[in-house]
Amino acid sequence: MAEGERQPPPDSSEDSPPATQNFIIPKKEIHTVPDMGKWKRSQAIEKLVALLNTLDRWIDETPPVDQPSRFGNKAYRTWYAKLDEEAENLVATVVPTHLAAAVPEVAVYLKESVGNSTRIDYGTGHEAAFAAFLCCLCKIGVLRVDDQIAIVFKVFNRYLEVMRKLQKTYRMEPAGSQGVWGLDDFQFLPFIWGSSQLIDHPYLEPRHFVDEKAVNENHKDYMFLECILFITEMKTGPFAEHSNQLWNISAVPSWSKVNQGLIRMYKAECLEKFPVIQHFKFGSLLPIHPVTSC
């Protein structure tokens with residue numbers, strides 16, 4: 001539907017938190033492997049959005065420094081320190097003043113979403129934190145359900161652009177990468193959403209994403225193919241060797257089956273992996289408490 005045709009959604013009390021909402025600074029709740037049970041029963045959900053042009057500009061203003069080691073450029077720590085200092089101010093620009101009390105809680109997820117300043121690495125746990133950041137904005141009513149297409153293909157896509165720029169500029173290490181046996185060194189969610197975007201495409205099939213010509217001609221329009229292009233820019237050698245999992249996926253007959261398989265894989269490899277979720281932080285908007293039955 002064209003933007004001009006969209007009807008404004010009716011006001012709903014579900015778009016705003018209760019007047020008595022007490023916001024809290026999110027903290028780690030997954031300390032041991034048995035704690036994973038809390039996560040699987042929690043109210044945490046994933047939605048997406050953000051304004052990241054400022055973070056992009058800060059990268060330009062913070063060039064890499066000369067250092068002996070090839071990976072993990074220390075200039076990233078300078079860039080991150082700026083975000084750490086300004087995160088609440090950035091979040092305050094997208095949160096209405098009457099919801100100002102939510103800003104410190106929501107800002108935590110923004111800071112968690114761009115990588116680790118000690119290790120100078122980035123991985124799917126940081127990506128999940130950005131999804132949580134956007135989910136929080138949905139829960140307090142800044143974003144609406146009918147924004148979901150734009151949240152994924154405009155806002156989350158912008159986030160991907162900034163993260164790729166960070167990864168390339170500061171040569172960030174892939175956090176928790178499984179190498180050739182993993183889906184991707186840095187991201188996962190864009191493969192899920194990107195494959196859903198291609199379901200029932202009239203001519204692009206899964207086998208085409210390992211075709212260099214098809215990727216070059218269509219990557220600007222499809223999130224999945226943009227991910228493939230970035231991989232081929234960052235890695236050398238035959239695709240089947242450096243990205244074996246994706247190579248195998250290209251043999252799946254339909255995008256719907258690819259999408260279903262990736263959702264199962266994300267649940268198993270990301271949401272249910274202790275090394276990833278142990279760093280996730282829970283607060284009032286994304287609590288660790290079990291979902292209450294109706």
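So, in region 48-58, how many residues would count as being modelled with pLDDT of 90 or more and either open to solvent by 80 Å² or more (accessible area, probe 1.4 Å) or of a type outside the set (D, E, K, R) (or both)?
Of the residues in that region, 4 qualify.
Residues in region 107-146 that are part of a loop (DSSP other than H, G, I, E, B) and either under 21 Å from Asn89 (Cβ atoms) or of a type outside the set (A, V, I, L, M, F, W, C) (or both): Ser113, Val114, Gly115, Ser117, Thr118, Arg119, Gly123, Ile140, Gly141, Val142, Leu143, Arg144.
Per-residue answers, yes or no, for (1) under 20 Å from Leu160 (Cα atoms); (2) open to solvent by less than 20 Å² (accessible area, probe 1.4 Å); (3) in contact with a strand residue (DSSP E or B) (Cβ under 6 Å, 6 or more places away or on another chain); (4) hydroxyl-bearing (Ser, Thr, Tyr):
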position: Asp60; (1), (2), (3), (4): yes, no, no, no
position: Asn73; (1), (2), (3), (4): yes, yes, no, no
position: Val95; (1), (2), (3), (4): no, yes, no, no
position: Ala100; (1), (2), (3), (4): no, no, no, no
position: Ser117; (1), (2), (3), (4): yes, no, no, yes
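For beta carbons closer than 8 Å, sequence separation of 6+ or different chains, a first residue in region 139-154 that is crowded, with 18+ Cβ neighbours inside 10 Å and a second that is of a type in the set (Val, Ile, Thr) and modelled with pLDDT of 80 or more, the qualifying pairs are Ile140/Val95; Ile140/Val106; Val142/Val94; Val142/Val95.
Just wondering, is there one or more residues in region 246-263 that are in a loop (DSSP other than H, G, I, E, B) and either touching a Leu at 6+ places or on another chain (Cβ under 9 Å) or of a type in the set (Asp, Glu) (or both)?
No, there is no match, as no residue in region 246-263 is in a loop (DSSP other than H, G, I, E, B) and either touching a Leu at 6+ places or on another chain (Cβ under 9 Å) or of a type in the set (Asp, Glu) (or both).
Determine, yes or no, whether Glu127 is open to solvent by less than 10 Å² (accessible area, probe 1.4 Å) and either at pLDDT 90 or above or farther than 23 Å from Leu189 by Cα (or both). So Glu127 fits the description; yes.
Candidates in region 57-104 are the residues that are of a type in the set (Phe, Trp, Tyr) and assigned to a helix (DSSP H, G or I); of these, the one that is nearest to the chain's Cα centre (by Cα) is Tyr80. Taking region 219-248 as the range and being β-branched (Val, Ile, Thr), open to solvent by 30 Å² or more (accessible area, probe 1.4 Å) and either in contact with a strand residue (DSSP E or B) (Cβ under 8 Å, 6 or more places away or on another chain) or in contact (Cβ under 8 Å) with a residue 12 or more places away in the chain (or both) as the test, only Thr232 passes. Please verify whether region 143-159 includes one or more residues that are at positive phi and at pLDDT below 85. Among the residues of region 143-159, not one is at positive phi and at pLDDT below 85, which makes the answer no. Regarding region 249-265, can at least one residue be identified that is among the hydroxyl-bearing types (Ser, Thr, Tyr), touching a residue at least 24 places away in the same chain (Cβ under 8 Å), surrounded by fewer than 16 Cβ atoms within 10 Å (Cβ to Cβ) and over 17 Å from Phe188 (Cβ atoms)? Checked against the condition, which is being among the hydroxyl-bearing types (Ser, Thr, Tyr), touching a residue at least 24 places away in the same chain (Cβ under 8 Å), surrounded by fewer than 16 Cβ atoms within 10 Å (Cβ to Cβ) and over 17 Å from Phe188 (Cβ atoms), region 249-265 yields at least one hit. Restricting attention to region 198-239, the residues that are closer than 16 Å to Gly261 by Cβ and of a type outside the set (A, V, I, L, M, F, W, C) total 3. What do you reckon, is Tyr203 touching a His at 6+ places or on another chain (Cβ under 9 Å) and either open to solvent by less than 10 Å² (accessible area, probe 1.4 Å) or modelled with pLDDT of 90 or more (or both)? For Tyr203, the condition - touching a His at 6+ places or on another chain (Cβ under 9 Å) and either open to solvent by less than 10 Å² (accessible area, probe 1.4 Å) or modelled with pLDDT of 90 or more (or both) - is not met.
The values are calculated or read from the model by the stated rules, or taken from the named source; none is laboratory data. Computed from a predicted model, the values in this text were never measured in an experiment. Cβ sites come from the backbone with ideal geometry, for glycine too, and all protein chains shown count toward neighbours. Calculation scope for accessible area: heavy atoms of the full protein, side chains included, ligands and nucleic acids excluded. Shrake-Rupley method; radii C 1.70, N 1.55, O 1.52, S 1.80 Å.
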